[in-house]
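Nothing in this text is a laboratory measurement; each read-out follows from the coordinates by a stated rule. Note that this is a predicted model, so its numbers are computed, not measured. Note that we place each Cβ from the backbone using ideal geometry, even for glycine, and neighbour counts take in every protein chain shown.
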Amino acid sequence: MEGKLPLPFQFLAAWIGVWVGRWQQATIDYLLEENQALRERLGPGPVRLSVARRRRLGELGKKLGRRGLAKFATLGTPDTILKWYRELVAQKYDGSEKRGPGRPRTNAEIAKLVIRMATENPRWGYARIQGALKNVGYRIGRSTVRAILKERGIDPAPKRGSRTPWGTFLRAHMGEIAAADFFTVEVVGLFKLVRYYVFFVIDLATRKVEIAGITQQPDGVWMAQIARNLLYEGEGFLVRKSKLIVDSDTLYTRDFREALRQGGVTVLKMPAHSPNLNAFAERFVLSIKSECLDRVIPLSEGHLRRVVGEYAAHYHQERNHQGIENELIDRREPANSNGRITRRDRVGGMLKYYYREAA
């Protein structure tokens, strides 16, 4: 019969169709399993979806139909997803944009400011936000403030005020807290690699770092002396700090903790396997290794000390830090000079800093 494929090609086409169908089903099964794993990680309760995301799911869900949705949908029931599709259709034929002038929508800048004030001040109610807006020249009603916050899913002041964000809590106490940690570096010895321990302390508020010591063997005697150095005659790095965060390493001995306690510093030991509780110190380790030490072969203890010292100077004087508004910790050159742009190199040009010379 004309137009009919030969039998081998019919078999090949059928086989490809079966293979593609199996591949698609395997893909769907994988995505369903991955989706379920993500839902379990998020925990119970509804998943917040943006309006745009709901519309997209409604559009795709319509193509699957109720039976397909019953099999594959995990973020909502088939009725919910089909409802999103009906809302999409209703929006298509919504003529409200063509209607005459009515009550104007709240200016986007004002709405953004309302959300900012509510987020940054959890205890502020609608009237307090309304008054703060008045101070900057915006006059809107209390009910408008409530509508803006409700639309964004932001709770009223009693609920917001009862929950102190973790970031706010930390910022309120950062001036009193420092953190400490070790990292190791392998140094080329005469016959073998020698492991050195670098002990440092970081001020959480300013991000300043003190390289407290470098040694092959950080024993109890050495650690106790380091503690005394950190509190030395009112000039040590931990003076005016009341808390020091450390991990559960046994190097933080009783003598170390007692020496700090006598200087007014309490050692807070983190639970095991909880690096996120010492994130600032962990971030410094990542920075010094990825930006410097991972690209250097220390040839001696003296070489290691010079490299670490050079990086510490770069870290404080020449490296911008996102945690402090992308500023330098210790700016030495004026930022707004009109002088010639100059580059300063450290560690053989591995670390670079661009600045303007004083005019």
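Observations on the model:
- Computed from the C-beta positions of Gln322 and Asp155, the FRET efficiency with R₀ = 22 Å rounds to 0.15.
- Met174 paired with Met350, simple spin-label distance in nm, labels 7 Å along Cα-to-beta-carbon: 2.8 nm
- With a cut-off of 17 Å on the backbone N, the residues of the range 276-300 near the modelled label site 7 Å out from Val194 along Cα-Cβ are 297-300.
- Spread of Cα-to-Cα distances over 10 Å intervals beginning at zero, given as percent, for the range 281-336: 22, 48, 24, 6, 0
- Sites Ser242 and Arg283, calculated FRET efficiency, Cβ-Cβ separation with R0 25 Å, nearest 0.05: 0.65
- Cα gyration tensor shape of the range 311-357, rounded if a/c is under 1.5, else prolate or oblate by comparing a/b with b/c: oblate
- Stretched out straight at 0.36 nm per residue, the stretch from Ala313 to Ala147 would grow longer than its current Cα-Cα span by 54.6 nm.
- Stretching the chain fully between Thr206 and Arg261 yields a gain of 17.5 nm (0.36 nm per residue, less the alpha carbon separation).
- Projected onto their three principal axes, the Cα atoms of the range 229-279 cover extents of 35, 21, 14 Å, largest first.
- Extension gain, Arg331 to Lys269: 0.36 nm times the residue separation minus the Cα-Cα distance gives 19.0 nm.
- Put a dot 7 Å past the Cα of Asn135, heading toward its Cβ, do the same for Glu233, and the two dots end up 4.7 nm apart.
- Measuring r between the beta carbons of Asp219 and Ser290 and using R0 = 35 Å, the FRET efficiency lands at 0.75.
- The rule of thumb for compact globular proteins, 2.2 N^0.38 Å, goes into the C-alpha radius of gyration of the range 249-359 1.39 times.
- Phi angles across the range 304-317 convert, under the Karplus curve 6.51 cos²θ - 1.76 cosθ + 1.60 with θ = phi - 60°, into 3J(HN,Hα) values of 4, 5, 5, 5, 5, x, 5, 5, 4, 5, 4, 4, 7, 9 Hz, Gly and Pro given as x.
- Legend: distances between Cα atoms for Lys241/Lys269; Lys208/Lys243; Lys112/Lys241; Lys192/Lys269; pairs beyond 27 Å are Lys112/Lys241; Lys192/Lys269.
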